[in-house]
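Structure first, then comments.
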Amino acid sequence: MLSVIGELLLTAGVLVLLFVAWQLWIGDLIISAQHNEKGAELSRAWAAAPIPDPPPAAGTAAAGTVVYDPPVPPHPADGEVFANMLIPRCGAAYNVHIAGGTSRARTLDRIGIGLYAQSRMPGEVGNLSLAGHRTTWGKPFNRIAELRLNDAIVVETPVGWYTYRFRTLEYVEPTAIDVLADVPRMPEQQTGERYITLTACSPMYSLAERIIAYGVFESFQPRAEGPPASLAAVDDATGPSDATGPSGGVSSAASFEGAL
Amino acid sequence: MYAALWHLLPGPWWVRLLILLVVLAAVLYVLFFHVFPWVSPLIAPGEVELE
């Protein structure tokens, strides 16, 4: 009898250890792979569907490429997948659903990245604000602190790709909802610019603070023109900030002075 | 308990080992894909978005 109790206790201990291993490691491997698989599946379905007409051209950039007024999709329902997130800094396979709402039960734990209720839509003037896990549940925003100046943050929808460029990080209290404002941190202001704000937990494995990544809208590429150049793989050693950024990477005092 | 279960299994030792491994794999699959994802929100609640 005693030995049975002992074996049951041992089994319970093993179960708890297995749960910890799942929560901190194995579960992320499984869930992030599932996220990327579902994302890639949806991207393939959009690619296979009849190509929607591109929006009217708004002008021509200096390099001769056509500039489009980005179309604005309708706000999704809670838990409704409407876009995929592609961040080359997070790896070539990174492709995570974005769905309406930021509840853990319906969106963040199950689907991936959540759209705040008050968020603007991709391409809309104002702030596209998104939430995601930085640890556990496939941790879609795990590498948010590794983003570098001008890293591409691309939102894919059936009509095309919205490229945003990473600008800066901020660490805030969980109550600092003004980071979600149309002009982040300046709720009274309107600039006519399009921003993206990614929010996740900080420090890792804690709910004490939030880490915020800001980006600005660069361009919209209609599906008819194929994936944008911003989706090109980035080199972890250098990154786009050293190669293609408008202001170049600030890597030393000398280049900083040169930029002034 | 486990010793008794081991003796309940049919066949020579290597068949029993095979059965054991298959059962173990099935148990781990159910735990990792169904039980733990269900348990986790109950153990670590708390919303992660800005409130």
Review point. Taking A:Asp151 and the conditions (1) surrounded by 16 or more Cβ atoms within 10 Å (Cβ to Cβ); (2) within 14 Å of chain B (Cβ to nearest Cβ), which numbered condition does it fall short on, given that it satisfies the others?
Key: (2)
Review point. Just one of A:Ala83, A:Ala62, A:Ala99, A:Ala57 is free of Cβ contacts under 8 Å to residues at least 24 places away in the same chain and surrounded by 19 or more Cβ atoms within 10 Å (Cβ to Cβ); which is it?
Key: A:Ala99
Exercise for review: Would you be able to say whether some residue in segment A:34-54 is within 14 Å of chain B (Cβ to nearest Cβ), in a helix (DSSP H, G or I) and touching a Gly at 6+ places or on another chain (Cβ under 9 Å)?
Suggested key: yes
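Which residues, counting only those in segment A:102-116, are of a type in the set (Gly, Ala, Ser) and at pLDDT below 95? Let's see the steps before the verdict.
So in segment A:102-116, the residues of a type in the set (Gly, Ala, Ser) come out as A:103, A:105, A:112, A:114.
Listed by number, the residues that qualify are A:Ser103, A:Ala105.
Of the residues A:Val72, A:Val67, only one is assigned to a loop (DSSP other than H, G, I, E, B) and away from chain B (no Cβ under 14 Å); which? Don't jump to the end; show me each part of the working.
Numbers: A:Val67 fails: assigned to a loop (DSSP other than H, G, I, E, B).
Exactly one residue qualifies, and that residue is A:Val72.
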Point to revise | Failed item in (1) under 26 Å from A:Val125 (Cα atoms); (2) out of contact with any Pro (no Cβ under 9 Å at 6 or more places or on another chain), with A:Thr11 passing the rest | key: (1)
Revision key, fill the gap. Among residues of segment A:122-138 being at pLDDT 95 or above and surrounded by fewer than 21 Cβ atoms within 10 Å (Cβ to Cβ), the residue nearest to the other protein chains (Cβ to nearest Cβ) is A:Gly126
Check your understanding: From the set of residues in segment A:22-33 that are within 9 Å of chain B (Cβ to nearest Cβ) and of a type in the set (A, V, I, L, M), which is nearest to A:Gly226 (Cα to Cα)?
Key -> A:Ile31
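Determine if segment A:10-31 includes at least one residue that is farther than 24 Å from A:Ser206 by Cα, in a helix (DSSP H, G or I) and in contact with a helix residue (DSSP H, G or I) (Cβ under 8 Å, 6 or more places away or on another chain).
No, because not a single residue in segment A:10-31 is farther than 24 Å from A:Ser206 by Cα, in a helix (DSSP H, G or I) and in contact with a helix residue (DSSP H, G or I) (Cβ under 8 Å, 6 or more places away or on another chain).
Could you tell me how many of the residues in segment A:157-177 are aliphatic (A, V, I, L, M), assigned to a strand (DSSP E or B) and away from chain B (no Cβ under 13 Å)?
So in segment A:157-177, the residues aliphatic (A, V, I, L, M) come out as A:159, A:169, A:172, A:176-177.
Narrowing the set further to residues that are assigned to a strand (DSSP E or B) leaves A:169, A:172.
Right, trim to away from chain B (no Cβ under 13 Å) and you get A:169.
The total comes to 1.
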Exercise for review: Say whether the condition of being within 13 Å of chain A (Cβ to nearest Cβ), among the aromatic types (Phe, Trp, Tyr) and farther than 30 Å from A:Tyr171 by Cα is met by at least one residue in segment B:22-29.
Suggested key: yes
Check your understanding: In segment A:102-121, which residues are crowded, with 24+ Cβ neighbours inside 10 Å, among the β-branched types (Val, Ile, Thr) and assigned to a loop (DSSP other than H, G, I, E, B)?
Key -> A:Thr102
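Restricting attention to segment A:182-196, does a residue exist that is more than 14 Å from chain B (Cβ to nearest Cβ), hydrophobic (A, V, I, L, M, F, W, C) and in contact with a helix residue (DSSP H, G or I) (Cβ under 8 Å, 6 or more places away or on another chain)? Spell out how you get there, then give the answer.
First, pick out the residues of segment A:182-196 that are more than 14 Å from chain B (Cβ to nearest Cβ): A:182-183, A:186, A:188-196.
Add one more test, that the residue is hydrophobic (A, V, I, L, M, F, W, C), and what stays is A:183, A:186, A:196.
Narrowing the set further to residues that are in contact with a helix residue (DSSP H, G or I) (Cβ under 8 Å, 6 or more places away or on another chain) leaves A:186.
So far as segment A:182-196 goes, yes, one or more of its residues are more than 14 Å from chain B (Cβ to nearest Cβ), hydrophobic (A, V, I, L, M, F, W, C) and in contact with a helix residue (DSSP H, G or I) (Cβ under 8 Å, 6 or more places away or on another chain).
The values are calculated or read from the model by the stated rules, or taken from the named source; none is laboratory data. What you are looking at is a predicted structure, and each value in this text was computed from that prediction instead of being measured. For neighbour counting, all protein chains shown are included, and Cβ atoms are generated from backbone atoms with ideal geometry for every residue, glycine included.
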